[in-house]
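Take a look at the structure set out below.
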Amino acid sequence: GGGVIGRYCDRPDLFPEVAHFHTMRVNQPSSKFYTTEVLKQLCDIWEKRGSGLTNMHGSTGDIILLGTVTDELEPIFYELTHDMKMDLGGSGSNMRTPSCCLGKARCEWSCIDTQDITNDITHEYQDELHRPAFPYKFKFKTSGCPNDCVAAIARADCSIIGTWRDKIRIDQEAVKAYAAGELAPNGNSFGTGPSAVDIQKEVCDLCPTRCIDWDGKNLKIWDEDCTRCMHCINVMPRALRTGTDTGATILCGAKAPILEGAQLSSVIIPFI
Ligand code: HEM
Ligand code: SF4
Ligand code: SF4
C-alpha cells in the first residue's frame, strides 16, 4: 500500500544487515512546519525501528525514512498514526502526497491559503493516497502565487496556483525610490543593497506582454494584458503587490517523462 517501498537484497546470505531495507514515506505537514518535539519523536521511532537514516524531504515532499525490516512496518505505522497523529504518504500508482509552498504563513504574495487546500485534499482523498487504484501515480501541488515555488506547473497532474483578477497595486512613491536607488531591488536577493533600477530596461522591457509604461515619474500597467508572471513584482516588491480579488488557476497534465522533456500543465479553470 501507500508509503512503503519494499526493498530486498538479492544476496541476503552475503549482506544479512541489509537483507530488507524498506523505505517509508511519511506525509509531511503542509508547508513542512514542525515543532522540535515532533522531529525528536520521529527520529526516536526511526532510531528504534529503522536505520536512523532520513531524507528531509523527498522531491515530492515526503519525509523519507530509509531502511527498515518487514517486521517493523506495522509497529512504525501504528506509532506514527496513534502516538504522533502522522500518516504515511503515497507511492506507486496512488495519489501521491500533496505538497504546497509556504503560502500565507510566511509569504505576502500568497493569493490563496495553500496549507488549507493541501490539508483538505489530503483528507478528501485518503483512500486514493493509501490504496493504489490508478494505472499511474497522480500528484497535486499548490502554489500561492504564479512564482510557483513548488513548481506545480511542471510536476503535478493537477496544479493549483494562486492568482488575482483585479489590478496590480502600485505605490508610485516606492517606484520612484527604486528608480532613485533608495531601495534594494529584488528584495536584495542578489545582494546589491540599495541600487538604482533602470525601470525601462529591467522591468518594462522584460514584461512578457510589454504592458508596462514608465515615463520617469509614473508607472502605468495595462492590467488587461498582464499574464500575472510576477516579474515586475519580484523586481520591486516594495512598490508592486498582487491584487486583492484573489483566487486560483487550476491546471492539469504536467509530466516529467524520461524521453521528451518536461511538459507543463494546461489551464483547465482560469479563475476560481
Ligand atoms: C522503482 C521505481 C521508482 C522508485 C524507487 C522511485 C523513487 C522515487 C523517490 C524516492 C522519489 C521522491 C519521493 C518523495 O519525495 O516523496 C521520487 C520522485 C519522483 N519520481 Fe520516482 N521512483 C521510481 C520510479 C519512477 C518512474 C518510473 C518515474 C517516471 C517515469 C519517476 C519519476 C519521478 C518524478 C518525476 C519524481 C519527482 C516528483 C516531484 O517532483 O514531485 N519515478 N521517485
Ligand atoms: S509560490 Fe508565491 S506565495 Fe508561494 S512561497 Fe512562492 S512567492 Fe510566496
Ligand atoms: S506581472 Fe508580468 S505580465 Fe504582469 S505587468 Fe508584471 S511583468 Fe508584466
Task: Any hit, the range 227-238, residues being touching a residue at least 12 places away in the same chain (Cβ under 8 Å), more than 10 Å from ligand 3 (Cβ to nearest atom), assigned to a loop (DSSP other than H, G, I, E, B) and open to solvent by less than 80 Å² (accessible area, probe 1.4 Å) - done: yes
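Considering A180, A174, which residue is in the same structural domain as R228 (by TED's automatic domain parsing) and out of contact with any strand residue (DSSP E or B) (no Cβ under 9 Å at 6 or more places or on another chain)? Talk me through it step by step, then tell me what you get.
Working: A174 fails: out of contact with any strand residue (DSSP E or B) (no Cβ under 9 Å at 6 or more places or on another chain).
The match here is A180.
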Open item on the list: Return the residues of the range 1-40 that are part of a helix (DSSP H, G or I) and surrounded by 12 or more Cβ atoms within 10 Å (Cβ to Cβ); say none if nothing qualifies.
Closed with: V18, S30, S31, K32, V38, L39
Task: the range 19-70 - residue that is within 30 Å of S110 (Cβ to Cβ) and of a type in the set (V, I, T) and, of those, modelled with the lowest pLDDT - done: T60
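Answer yes or no as to whether L73 is in a helix (DSSP H, G or I), in contact with an Asp or Glu (Cβ under 8 Å, 6 or more places away or on another chain) and of a type in the set (A, V, I, L, M).
Values: in a helix (DSSP H, G or I): yes; in contact with an Asp or Glu (Cβ under 8 Å, 6 or more places away or on another chain): no; of a type in the set (A, V, I, L, M): yes.
Spelling it out, it is not the case that L73 is in a helix (DSSP H, G or I), in contact with an Asp or Glu (Cβ under 8 Å, 6 or more places away or on another chain) and of a type in the set (A, V, I, L, M).
Among G216, G193, which is more than 10 Å from ligand 3 (Cβ to nearest atom), open to solvent by 20 Å² or more (accessible area, probe 1.4 Å), more than 30 Å from I121 (Cβ to Cβ) and not assigned by TED's automatic domain parsing to the domain that holds F140? Reasoning before the result, please.
Working: G193 fails: open to solvent by 20 Å² or more (accessible area, probe 1.4 Å).
Answer to the check: G216.
For the subset of the range 136-189 comprising residues that are part of a loop (DSSP other than H, G, I, E, B) and touching a Pro at 6+ places or on another chain (Cβ under 8 Å), which member is nearest to S93 (Cα to Cα)?
Taking the range 136-189 and keeping what is part of a loop (DSSP other than H, G, I, E, B), we get 136-137, 139, 144-151, 156-157, 165-168, 171, 180-184, 189.
So of that shortlist, the ones also touching a Pro at 6+ places or on another chain (Cβ under 8 Å) come out as 139, 181-184.
Values: K139: 10, G181: 53, E182: 53, L183: 50, A184: 47 Å.
Checked the range 136-189; the qualifying residue nearest to S93 (Cα to Cα) is K139.
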Task: Residue among Y125, Y136 that alone is closer than 19 Å to G6 by Cα and open to solvent by 60 Å² or more (accessible area, probe 1.4 Å) - done: Y136
Task: Where a residue in the range 168-179 is of a type in the set (S, T, Y) and its partner, wherever it lies, is away from ligand 1 (no atom under 16 Å from the Cβ) and open to solvent by less than 60 Å² (accessible area, probe 1.4 Å), with Cβ under 8 Å and at least six apart - done: Y178/P185; Y178/V197; Y178/I199; Y178/V235; Y178/M236; Y178/A239
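The values are calculated or read from the model by the stated rules, or taken from the named source; none is laboratory data. All values derive from a computational prediction rather than experimental measurement. Here Cβ is always computed from backbone atoms with ideal geometry, including for glycine, and neighbour counts include all displayed protein chains. Only protein heavy atoms, including side chains, enter the accessible area calculation; ligands, DNA and RNA are left aside. Shrake-Rupley method; radii C 1.70, N 1.55, O 1.52, S 1.80 Å.
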